[in-house]
Amino acid sequence: MVETFGTFIEQPLEQMEYLLIGFSANSLPIQQRWKTNRLSADFISDYLRNFFTGIDAADSNQDFISIHSDNAVKYISNELLENAMKFHDDQKARQTRIGFYISGDHLIFLLQNMATLETTTHLRHFIERLLENNPYDLYIEQMEKNAIDESSTHSGLGLLSMICDYGAKLGWQLEHSDVEGTDYHISTMISLPLAVKN
């Protein structure tokens with residue numbers, strides 16, 4: 001059974017220009033893996049920047065937000081990598097994958113990993129709140145909660161920041177990976193606008 005929420009593009013992504021990174025979330029202790037997040041995010045941003053070096057920011061038809069996009073790519077990449085490490089089910093051998101796809105004036109991030117029923121339940125609750133409420137209101141509310149209690153691991157603040165600070169659109173697919181429905185394969189998609197029209 002597959003459930004889809006939010007903005008989730010199901011067209012064949014492999015037909016686009018893309019970069020795909022795969023890793024086993026339990027091959028190293030999380031403390032060691034955590035140190036590579038920023039390095040990986042910087043690499044991804046540098047790699048993707050090469051595809052936009054010929055765009056003229058003074059073009060009368062298109063204003064390319066190069067600095068904004070570069071910061072957004074680093075931030076979103078780092079957040080997704082952190083989520084992959086925090087919420088991956090270490091008991092599963094299936095590899096975690098994070099892909100970056102260029103589609104017109106959008107950059108699509110796709111994180112795929114295994115999660116327990118508990119993690120999926122937390123995620124489903126977050127998705128329901130997001131779809132039923134104004135994300136800016138949720139963002140302020142969660143920032144206030146985090147100021148009081150910094151121990152929350154399922155706050156969703158990073159995802160809300162992607163929407164409120166960078167204009168990203170979010171989508172998910174939740175798929176049962178076994179007949180009992182206790183393990184899930186989660187696909188998180190972030191669609192980031194790279195340019196705005198004048």
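The values are calculated or read from the model by the stated rules, or taken from the named source; none is laboratory data. No experiment lies behind these values; they were computed from the predicted model shown. All Cβ positions, even for glycine, are placed from backbone atoms using ideal geometry, and neighbour counts span all protein chains on display.
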Original post:
Out of all the residues in the stretch 124-140, which are of a type in the set (D, E, K, R) and under 19 Å from V2 (Cα atoms)?
Top reply: R124, E128
**OP:** Please state which of the following conditions Q142 fails to meet, knowing it meets all the rest: (1) in contact with a strand residue (DSSP E or B) (Cβ under 8 Å, 6 or more places away or on another chain); (2) under 19 Å from I76 (Cα atoms).
**Re:** (1)
**OP:** Enumerate the helices (runs of 4 or more DSSP H) found wholly within the stretch 1-110, keeping only those where 1 or more residues are at pLDDT 70 or above.
**Re:** 37-49, 66-87
**OP:** Kindly indicate whether M143 is within 16 Å of M162 (Cβ to Cβ) and not basic (K, R).
**Re:** yes
